[in-house]
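S.K.: Have a look at this one.
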Amino acid sequence: MHLSPSRAALLLALSSAALPALAQTSPWSVRAGVAAIRFDTRSTVELPTGSVFPGGDIHIKNNTAAALEIGYALTPDWTLRTALGTPPTTTLTNAGTLPAAPTGTLGKIRYAPLMLTATYDLGNLGPVRPYVGAGISYVWVMKTYDGDIAGLKADNAWGSVLQAGIDIPLSPQWSLFLDARKVFVKTTARGTVPAFGNVPGTARVKLDPSIYVVGVGYRF
């Protein structure tokens, strides 16, 4: 097929206009890594009479879990991020003046954390790209295991999240990242203590974990 000079020039112009669109990156990204979950627990233990057990407290064991995040760039600066992880299991033990009955291990809880945040890119700072953000969290209590407390139950809980981190680009698609989140969340746990004659009790627990994640990211 023979192209006239005018048609060839038009085809070249259309191709040149299409190249920037083809070169644009997808708004989707994914990041995966290892998360260290460090609880900052404060609790109030209530007796059947409604009074507070003086000095009673509950300690929650820290966890490590695999973490996954899916991101969607709303603008060049704003990114919506959904983060979740493999469900870890944490151990509850007595603390403060709360007596051991009889082992000190109150029970275990398997939970699934989910977070939705929006982050703002602060621009390049040398070889790294820092960002900050905030959002909401949801903790789904998947299963509870009895210990010194029988019939252990814990409520699912909503909370808020503050977030900050850095991306370290390795290529246009690949990067390393460091991410830190502070979650503000509280829940209620309840059960009975067979060693004390099946005395029922309720604990109102502020979990407030700090979550640190290191891993790799890929932008589509």
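The values are calculated or read from the model by the stated rules, or taken from the named source; none is laboratory data. All values derive from a computational prediction rather than experimental measurement. Glycine also receives a Cβ, built like all others from the backbone with ideal geometry; neighbour counts cover every protein chain displayed. Remember, those area values only see protein heavy atoms, side chains included, never the ligands or the DNA or RNA. Shrake-Rupley method; radii C 1.70, N 1.55, O 1.52, S 1.80 Å.
S.K.: Of E69, E46, which has the most accessible area with a 1.4 Å probe, and how do the rest follow in descending order?
M.R.: E46, E69
S.K.: Most fluctuating residue of T103, T41, T91 in a GNM of the chain with Cα springs under 10 Å: which is it?
M.R.: Comparing T103, T41, T91 in the GNM, the peak value goes to T103.
S.K.: Evaluate the relative contact order of the chain (contact order divided by residue number), counting alpha-carbon pairs under 8 angstrom at least 6 apart; express in whole percent.
M.R.: Working: 576 pairs, mean separation 47.8, N = 220.
Here the relative contact order equals 22 percent.
S.K.: With the chain treated as a Gaussian network of Cα nodes joined by springs under 10 Å, which of S137, S171, S210 yields the largest mean-square fluctuation?
M.R.: Comparing S137, S171, S210 in the GNM, the peak value goes to S171.
S.K.: Another one. Would you mind calculating the relative contact order of segment 19-118 from Cα pairs under 8 angstrom and at least 6 residues apart, reporting the percent as a whole number?
M.R.: 26 percent
S.K.: Summarise the accessible area of the chain (1.4 Å probe, protein heavy atoms) by the percent that is carbon and sulfur.
M.R.: 66 percent
S.K.: I've got another one for you. Just add up the charged neighbours of A32: K/R +1, D/E -1, any other residue whose Cβ is under 12 Å from the Cβ of A32.
M.R.: Working: positive: R31; negative: E69, D179.
Within the 12 Å Cβ shell, the charges total -1.
S.K.: Counting heavy atoms of the protein chains only and a 1.4 Å probe, report the per residue accessible area for the chain as a whole number of Å². Provide the component values of the computation, followed by the final result.
M.R.: Working: 12350 Å² over 220 residues.
Accessible area per residue, the chain: 56 Å².
S.K.: With a 10 Å cut-off between alpha carbons and a GNM built on the chain, which of G201, G71, G96 moves the most?
M.R.: Residue with maximal mean-square fluctuation among G201, G71, G96: G96.
S.K.: I would also like to ask the following. So what is the calculated 222 nm ellipticity per residue for the chain, using -39500 (n - 2.57) for each DSSP H run with n of 4 or more, over all residues, to the nearest 500 deg cm²/dmol?
M.R.: -3000 deg cm²/dmol, from helical runs alone.
S.K.: For segment 134-220, what's the relative contact order in percent, using C-alpha pairs closer than 8 Å and at least 6 residues apart?
M.R.: Computed value for segment 134-220: 29 percent relative contact order.
S.K.: Let me ask another. Provide, as a two-decimal number, the C-alpha radius of gyration of segment 53-187 over 2.2 N^0.38 Å, N being how many residues it has.
M.R.: Numbers: Rg = 18.8 Å, N = 135, 2.2 N^0.38 = 14.2 Å.
Against the empirical 2.2 N^0.38 Å value, I get 1.33 for segment 53-187.
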